[in-house]
1. Hey, G172 hits all of (1) touching a strand residue (DSSP E or B) at 6+ places or on another chain (Cβ under 8 Å); (2) at pLDDT 95 or above but one; which does it fall short on?
2. Any residue in the stretch 179-195 that is farther than 23 Å from S57 by Cα and either modelled with pLDDT of 95 or more or surrounded by 20 or more Cβ atoms within 10 Å (Cβ to Cβ) (or both)?
3. Take the residues in the stretch 113-135 that are touching a residue at least 40 places away in the same chain (Cβ under 8 Å) and in contact with a strand residue (DSSP E or B) (Cβ under 6 Å, 6 or more places away or on another chain); name whichever of them is most open to solvent (accessible area, probe 1.4 Å).
4. So E233 clears everything in (1) charged (D, E, K, R); (2) open to solvent by less than 30 Å² (accessible area, probe 1.4 Å); (3) over 18 Å from D87 (Cα atoms) except one condition, right? Which one?
5. Got a number for residues in the stretch 193-210 being within 16 Å of the chain's Cα centre (by Cα) and more than 19 Å from T88 (Cα to Cα)?
6. Please verify whether E162 is touching a helix residue (DSSP H, G or I) at 6+ places or on another chain (Cβ under 8 Å) and open to solvent by less than 30 Å² (accessible area, probe 1.4 Å), treating the condition exactly as stated.
Amino acid sequence: LKALATAFEQRLDYYIDIMGNSAEDSHLGRRQMALSSPWTLYGARLEELRNAFAGRSAIIVSAGPSLDKNIHLLADKREDYVIIAVDTIVEKLMSRGVKPHFVCVLERGYALYLQCFRRLYSRWRHELADVVLVPQSVCTPQIAGRWPGPVAVVGKRDINLEQAIIGGLMGGTVLPSGASVSHMALGLAGRLGVDSIALVGQDLAYGDSGESHATEYTFLGQETYESGIAEKERLSIPGIDGGLVRTNHWWKYFRDLFASMIPMLG
C-alpha cells in the first residue's frame, strides 16, 4: 500500500508539472485549446517555414536584466537576423525600434493578454501586421484573435494530448516547449532551420541590484513572484565570466532544460 501511494504521488506530480500547475490549470488549457481551434485549423502553417531560414542566424530576445545593457545592439538588425521575441518583452522592443519577425506565447492566463498584448494592438497594430505570432494552443484566445498579423497556433510536443489533437487531428505543428516561453522560442528557431542561435536577455539570474527582469517588463505578476522567491530557494552558481551569479532553483531547472534541448537542434 505504501509503494502504491508513493507511485500515485509521483504520477500526480508528473501530471501537475507537465500539464499545468493544477487541475484547474489543465482544464483551462483544454478549454482554450478548443476556443483557439479556428486559428489552429485555418491560420498560418509553420510547416511551410520548416528549414526555410537555413544559412541565417536567429536572435531570441528574452526579458532578463541584461537586456537593458544590450538592447541598443538589436536596432537595425532585422535584415541580418531572424529575431524571435518572447511575449513579455515585445512592447519594450517595439518602443526601442526593434521589430521581431516572430513572437512566441506560452502561458494560458488572461493576465498575459491584459498586461502584455492589449496595448500592442492599439499602439503598433500597423507595424505588427507582418510579424508572425506563435502562441500555444492553450493560450487565452484573445491574443490570437486580435493579433493583426499571421497567427500560427502550435502545440507542445511533449504532451500526448496536444500531439494527438494539434499535430494529428488538426494537422498543425507541435514544438518542444520546455518549461518557459524562451524554451519554446528555441524550439521554434530549430524548426525554422537556422544555422546558429543567440540568446539575448536570457540571464536566468538576478541582476546586480537583485532585479529579476529588465525594466519595462510587462507581466507584473511573474516579476513579483520571481523577485520574491525566498532566500532558501536561491543559490549561487558559476557564471560565464568565471564569477558567481545569484539564481534560484527554478531558473537552474530552466538552464538544465536548455542544456538538454541544444544537442537536439543539431
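The values are calculated or read from the model by the stated rules, or taken from the named source; none is laboratory data. Quick caveat: nothing in here was measured; it's all calculated off a predicted structure. Neighbour counts are summed over all protein chains in view; Cβ atoms, including those assigned to glycine, are modelled from backbone coordinates with ideal geometry. Each accessible area value is taken on the protein alone, full model and side chains, heavy atoms only, with ligands, DNA and RNA left out. Shrake-Rupley method; radii C 1.70, N 1.55, O 1.52, S 1.80 Å.
1. All conditions are met except number (2).
2. no
3. V132
4. (2)
5. Final tally of qualifying residues: 1.
6. Answer is yes for this residue.
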